[in-house]
Structures are given as structure tokens and as C-alpha cells.
Amino acid sequence: MGDGDGQEHADMKVAFIGLGTMGFPMAGHLTGAGFSTVVHNRTEATARRWVERYPGSSAPTPAEAATGADVVCVCVGADDDVREVLTGPAGALAALRPGATIVDHSTTSAELAVEIAGRAAEAGVGFVDAPVSGGQAGAEAGRLSIMCGADPEVLETVRPVLAAYGATITRIGPVGSGQLTKMVNQILVASAIAGAAEALNFAMAAGLDTDLVLAAVGGGAASSWYLNNRGHTMVRDEFDFGFAVDWMRKDLRICLAEAARRDIPLPFATRAEADYAAAQQRGDGGLDATAVIRLRRAETPRADPGPAAG
């Protein structure tokens, strides 16, 4: 991804708004693919750090970043953050020319995607809701999975931009479909983390060698991305990286609200959301989402080796 000669897309201007854990490397891949890139971030120091690392420029407001842009990519926190950077007093939408396109990589409600798409259409601007999956590692490697809701013609105009950091770009359906698919993704992720936390806590409490356990189960039917990529850090109590507890709870609350609106039961996601709320109360909100294993440990005060360790 983004491994061309750096000149192929030089005549296409892209603004990237939001340089968090995901957005920072994603915007960097755009410069590697040859796009003329202008970034904006709420914390100016982060934007300066990005400009020091990549051959692009920064702007003090979303509107100034978007001026003259063909595509504006957004990767911020929640619904209100998206509204602020796109339709707020210094928002990007008002600065865009007709024919430009907004791509929202944030994880938000599907209702917001439809709302922003309507505002964009009034201005003659295209819109793609395009949440991503793959975590920090996927963003840094340019190997994200991008799930898109958009008109097919609109998506095709921005596909070269998405290809700079996306290994998989899938149009699910009309606007809103991308966000609904991200909800599917987060329900699966939360379930995988909960399962890994419960199982690894069981292994530790039973006195098993967790390195051997992970080697044994990681190659079989119980394998999962989280077990293979976070299992060892979970048992070592290492969580200073990755997708934070705070963000996972935010995403699950979006899932639960949508499910309630549609009268769809989500028992696993409901339990997971409660766990993340408890993790926040413990002060773990800024840690990787796998820190929920600490809840299981707190419920298991001492190891009982039992006959399996004999």
C-alpha cells in the first residue's frame, strides 16, 4: 500500500482530519502514495510532529485544510466530533467545492452517516462512511479493512485514496452500511476479547504454563487474532498500546443503541459493555481493550494449581 513512485497521484489533493493512533499513519501512507496531503489535528503539537515525519503540510482549522481538496478524510472520536470538524463553525464541508468527496473513517452511529451525507449532498459533495478495522498495527502497515457505505460511483472516485492504507475495500451498500458493518465487527471483537480474557485467566488460575497453552490452542479451532496477538501481553499484564478501553466502550454503546432501535438481542455485547464500564471505573480507560482480563483476575483472588499442575 502506498508503495508507488510517489508521483502517480500528485495532482490530487487530500485533507486528512484527525491524527490519532490510526489517523497519524493513515495520513502518512497518503504521502507515500503520492497524494498532496494537508492535515489538521485538534492538538497542534501532533500535527507538527506529523509534518516533521511526512512530506505534507498542516492547517489550523478543518476548513483551511479542506480548501481546494478533492477528498477530505476524517478519523476522529465520536458523532459530535465528526459534526464539529465537518459542519461546525470552522468545519470542512463549507470549504469544499462541488464534486469533492468526504470519507469518514470514524466509528459512529449509522444515523450520523445518513445525516452528514444529506448535508454533503446539499452542497454537491459526495460522502462515504468508511470505518476501518485492523488496529494500530494495520494502520501502520497500510493493511486495514475498510467497510464502506456509499453510492458505487462515489466510492470509485476515492478508491485510490483508500488503497493507500487499505488492504480490503468493501462496499457493503448505501450510506450507513459501513457503520452497521463496523458494529458487526465490534461485536465480534468484544466477544473474542472476552473469551480470551476468561480462558487465559482460567489457565493462569489453574497453574498452567501460559506460553505452552497459547502455543497449543493458537494453532487449533480456538485460535483468534486477539488470542494470537494479545494473549502473551494479557498474561504479562501489558496494556500500554492498541485500542483503548474507552473507545471500545464507546463503540459498544453505539452497537447497543442500534440493536435496541431494531429490537435485536445482543447478550454478549451487553456483558462486554458492562465489563468495559467496570474497567473504566478501575482507572483502566486509557489501556488496551484487552485489559478487561484484570476484571477476571480480580474475581479470582488466588491460583489453585489442582491436579493438572501435578
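The values are calculated or read from the model by the stated rules, or taken from the named source; none is laboratory data. Since we're looking at a predicted model, the values are computed, not measured. All Cβ positions, even for glycine, are placed from backbone atoms using ideal geometry, and neighbour counts span all protein chains on display. What goes into the accessible areas is simple: the full protein's heavy atoms, side chains included, and nothing from ligands, DNA or RNA. Shrake-Rupley method; radii C 1.70, N 1.55, O 1.52, S 1.80 Å.
Residues checked against (1) of a type in the set (S, T, N, Q); (2) open to solvent by less than 70 Å² (accessible area, probe 1.4 Å); (3) over 23 Å from Gly20 (Cα atoms):
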{"residue": "Thr181", "(1), (2), (3)": "yes, yes, no"}
{"residue": "Ala196", "(1), (2), (3)": "no, yes, yes"}
{"residue": "Met204", "(1), (2), (3)": "no, yes, yes"}
{"residue": "Asp237", "(1), (2), (3)": "no, yes, yes"}
{"residue": "Phe268", "(1), (2), (3)": "no, no, yes"}
{"residue": "Tyr276", "(1), (2), (3)": "no, yes, no"}
{"residue": "Ala279", "(1), (2), (3)": "no, yes, no"}
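Looking at Thr300 and the list (1) more than 29 Å from Val132 (Cβ to Cβ); (2) in contact with a helix residue (DSSP H, G or I) (Cβ under 6 Å, 6 or more places away or on another chain); (3) part of a helix (DSSP H, G or I), which single condition is not satisfied?
Unmet for Thr300, out of (1) more than 29 Å from Val132 (Cβ to Cβ); (2) in contact with a helix residue (DSSP H, G or I) (Cβ under 6 Å, 6 or more places away or on another chain); (3) part of a helix (DSSP H, G or I): (3).
Of all strands (runs of 3 or more DSSP E) completely enclosed by segment 1-105, which ones contain at least 3 residues that are over 16 Å from Ala163 (Cα atoms), free of Cβ contacts under 8 Å to residues at least 60 places away in the same chain and open to solvent by less than 30 Å² (accessible area, probe 1.4 Å)?
Because the criterion is at least 3 residues that are over 16 Å from Ala163 (Cα atoms), free of Cβ contacts under 8 Å to residues at least 60 places away in the same chain and open to solvent by less than 30 Å² (accessible area, probe 1.4 Å), the strands (runs of 3 or more DSSP E) in segment 1-105 that meet it are 36-40.
Confirm whether Thr210 is assigned by the TED database to the domain that holds Val76 and more than 22 Å from Ala272 (Cα to Cα). Spell out the reasoning first.
Numbers: assigned by the TED database to the domain that holds Val76: no; more than 22 Å from Ala272 (Cα to Cα): yes.
No: the conditions fail for Thr210.
Based on what the data block shows, is Ala94 of a type in the set (A, V, I, L, M, F, W, C) and farther than 21 Å from Asn41 by Cβ?
The answer is no for Ala94.
Just give me the residues in segment 259-284 being over 21 Å from the mean Cα position of the chain (by Cα), assigned to a helix (DSSP H, G or I) and closer than 16 Å to Ser109 by Cβ, in sequence order.
Of everything in segment 259-284, those that are over 21 Å from the mean Cα position of the chain (by Cα), assigned to a helix (DSSP H, G or I) and closer than 16 Å to Ser109 by Cβ turn out to be Ala260, Arg261, Arg262.
Within segment 249-258, restricting attention to residues that are touching a residue at least 24 places away in the same chain (Cβ under 8 Å) and open to solvent by less than 60 Å² (accessible area, probe 1.4 Å), which residue is nearest to the chain's Cα centre (by Cα)?
Ranking the qualifying residues of segment 249-258, first place goes to Asp251.
Among all residue pairs at least 6 apart or on different chains, which show Cβ distances below 9 Å where the first residue, located in segment 169-188, is within 18 Å of Glu273 (Cβ to Cβ) and the second is open to solvent by 40 Å² or more (accessible area, probe 1.4 Å)?
Gln179/Glu111; Leu180/Ile172; Asn185/Ser145; Ile187/Phe268
With respect to Ala216, determine if the residue is of a type in the set (A, V, I, L, M, F, W, C) and in contact (Cβ under 8 Å) with a residue 24 or more places away in the chain.
Details: of a type in the set (A, V, I, L, M, F, W, C): yes; in contact (Cβ under 8 Å) with a residue 24 or more places away in the chain: no.
Here the answer is no, as Ala216 does not meet what is asked.
Scan (1) at pLDDT 95 or above; (2) surrounded by fewer than 22 Cβ atoms within 10 Å (Cβ to Cβ); (3) closer than 20 Å to Met22 by Cβ for the single condition Cys148 breaks and write down its number.
So Cys148 meets the others, but not (2).
Tally the residues that are buried (at least 21 other Cβ atoms within 10 Å of the Cβ) and of a type outside the set (Ser, Thr, Tyr), restricting the search to segment 156-175.
First, pick out the residues of segment 156-175 that are buried (at least 21 other Cβ atoms within 10 Å of the Cβ): 158, 161-162, 164-166, 175.
Within this subset, residues satisfying the condition of being of a type outside the set (Ser, Thr, Tyr) are 158, 161-162, 164, 166, 175.
Residues meeting the conditions: 6.
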